[in-house]
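The values are calculated or read from the model by the stated rules, or taken from the named source; none is laboratory data. Only a predicted model underlies this, so the values are computations on that prediction, with no experimental measurement involved. When we count neighbours, we look across all protein chains shown, and the Cβ atoms used for this are built from the backbone with ideal geometry, even at glycine. Remember, those area values only see protein heavy atoms, side chains included, never the ligands or the DNA or RNA. Shrake-Rupley method; radii C 1.70, N 1.55, O 1.52, S 1.80 Å.
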Amino acid sequence: MSDATPPVAEAVRQALAGLDLEALRRSYWDQNEFVYLERWLPQPLINRMLAEVGRVRPAINRNYIPRHKKGGSVSFYTLLEQAPTIVGLYRAPAFIEFLAGLTGQRLQPCPADDPHSCALYFYTEPGDHIGFHLDTSYYRGARYTVLLGLIEHSSSRLVCQLFKDDPARQPVELQLATHPGTLIVFNGDKLWHSVTPLGSGEERVSLTLEYVTDPSMHPAKRLFSNLKDAFAYFGFRTVFRRALSPSRR
Ligand SMILES: [Fe+2]
């Protein structure tokens, strides 16, 4: 890294400094704990993350769950070893403080043995998609999801249904492209969302960051969460070798 390149945490702090936090907070709450900020991350940081996306491609784990999900993932364990800029964003104090200001919650990164805490999702083959779901929290506290677009050469859309959990409101559906640097923040228990199927010759890569209010988890929910991650995302070897390892980072 040259002297002219600021450390990730400082670059993130600078990228946040220009935002109107009050307006974003209003938008977040008006939309039932969901906010969309197009092309937020500056290009130099995006470029560094794209280099890391290229580096971790050999570690992609492909999954297929009929009628629900098809795509590839790279877990936090791999990113910890090979993607310092991406992990730097996840852990940047100014970013966590920004999210806490939006959500009104004292947030922290997930425990280091959660492969989902900071992960890349690769949509690279025709038909790659994920059906409608919530990002349900298995932790004792609430879980918040941050999505960051990195590669968007696709006709896929992130489909978000706001107010799905509120019987007093009509749901509002948004169909969003996730261009590089686009930031989306939502409460995982509230936003009903999906990604529509990828067309042929297309590619979409996004980063997901998860934060929690209480990082403890009942052991039975931990087992269920690990099994889901092994089947649906990262593979058994990745999830269980790490979960059973005594030397967690
Ligand atoms: Fe999700």
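Observations on the structure shown:
- Theoretical ellipticity at 222 nm over the chain - DSSP helices of four or more residues, -39500 (n - 2.57) apiece, nearest 500: -9500 deg cm²/dmol
- Peptides 181-193, 216-228, 135-147 ordered by packing proxy, namely the average of other Cβ atoms within 10 Å per residue, highest first: 181-193, 135-147, 216-228.
- Within the same chain, lysines fewer than 8 places from Lys69 are excluded, and of the rest, those with a Cα less than 19 Å from its Cα are Lys228.
- GNM remark for the chain: springs join alpha carbons under 10 Å apart, and the peak mean-square fluctuation among Ala23, Ala83, Ala11 falls on Ala23.
- Annotation: per residue accessible area for the chain equals 46 Å², rounded to a whole number [probe 1.4 Å, protein chains only].
- Leading residue at positive end of dipole, the chain (Cβ point charges), from Val185, Tyr121, Gly199: Tyr121
- Carbon and sulfur %, accessible surface of segment 96-249 computed with the full protein complex present, 1.4 Å: 55
- Antiparallel bridges, percent of DSSP beta bridges restricted to the chain (to nearest 5): 100
- Taking a Cβ cut-off of under 11 Å around Glu173, the surrounding Lys, Arg, Asp and Glu residues balance to a net charge of +2, with basic ones at +1 and acidic ones at -1.
- Database remark: amide H of Gly188 closer than 5 angstrom to the amide H of Arg143, Tyr144, Thr145 (H placed geometrically; neighbours at sequence offset of 5 or more, or on other chains; Pro and chain starts carry no H).
- Asp30, Asp165, Asp113, Asp214, ranked by accessible area, largest first (probe 1.4 Å): Asp30, Asp165, Asp214, Asp113
- Estimated dipole of the chain in Debye, rounded to 20 [Cβ of Lys and Arg +1, of Asp and Glu -1, Cα centre]: 800
- Here Lys190 is the anchor, and the aspartates and glutamates within straight C-alpha reach of less than 12 Å, apart from those fewer than 8 places off in the same chain, are Glu33, Asp135, Asp165, Asp166.
- Candidates Ser155, Ser75, Ser194, ranked by Gaussian network fluctuation over the chain, Cα under 10 Å, top entry: Ser155
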